Amino acid sequence: MRHTKTAIALAALSLALGGCAALGLGDTPQASSAAEQAAEPWMLYEEGAATPSPAPSRGRAASPSPDATASLPAPDPSCTKLWPRTEPVMIPVEVTPGAGSLKVEWPTQYSSDYRVTAVPQALVSGAQPEPTWQRVSPGTGCTVTATITGLETGAAYIVWLDAPNTGHERDGTRHLYSGRSGIVYPL
């Protein structure tokens, strides 16, 4: 046991004094100098070929989505009101502030019934309050109008519109079925 301790102590001492050279792992004629190693790149890589561009798939060519027009959809050709352009998937909504109320107007959408709400924009920590939806029956003219009352004067709101029964196009895509305003403030 005593000889083992001495052998371990001598091995540790030789490593401490001579480093790896004591084990024959130090500078050898094959090892390059630090200056030569610094000139070589430290990262090795292989060049390859670029990924080819995708080929068009077989089938129908893609067609661009149509832009929203000022009066889309216009079920009644006698409608003359021009609506501001919105996102192609949103029903345009005009909001007029009133005393503690908001008057909301939008184009008729395929004889659908509607629901509309004013969502307060004040920060609320925790669970958010459920919006109170007001049901609106389908309109018969070019536009549908609803008034949301009981709102806090000067508070920020965003009006949301939902038209769940607008139907579908022949290809199965839904007609426009929702809309929203920017931030509005009741007077």
Practice item. Might you check whether a residue that is closer than 20 Å to Glu87 by Cα, open to solvent by less than 60 Å² (accessible area, probe 1.4 Å), aliphatic (A, V, I, L, M) and modelled with pLDDT under 95 occurs anywhere in region 109-117? Key: no
Revision key, fill the gap. Picked from region 119-166 (must be open to solvent by 60 Å² or more (accessible area, probe 1.4 Å) and of a type in the set (Phe, Trp, Tyr)), the residue nearest to Tyr185 (Cα to Cα) is Trp160
Check your understanding: So which strands (runs of 3 or more DSSP E) stay within region 132-187 end to end and still have 3 or more residues that are under 30 Å from the mean Cα position of the chain (by Cα) and within 16 Å of Val95 (Cα to Cα)?
Key -> 157-162, 178-184
Exercise for review: Tell me, yes or no, whether region 92-101 has at least one residue that is open to solvent by 60 Å² or more (accessible area, probe 1.4 Å), in contact with a Phe, Trp or Tyr (Cβ under 6 Å, 6 or more places away or on another chain) and either at positive phi or part of a strand (DSSP E or B) (or both).
Suggested key: no
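The values are calculated or read from the model by the stated rules, or taken from the named source; none is laboratory data. Please read these numbers as outputs of a predicted model, since none were measured by experiment. Methodologically, a virtual Cβ is constructed for each residue, glycine included, from the backbone with ideal geometry; neighbour enumeration extends over all protein chains shown. All accessible areas refer to the heavy atoms of the entire protein, side chains included, with ligands and DNA or RNA removed. Shrake-Rupley method; radii C 1.70, N 1.55, O 1.52, S 1.80 Å.
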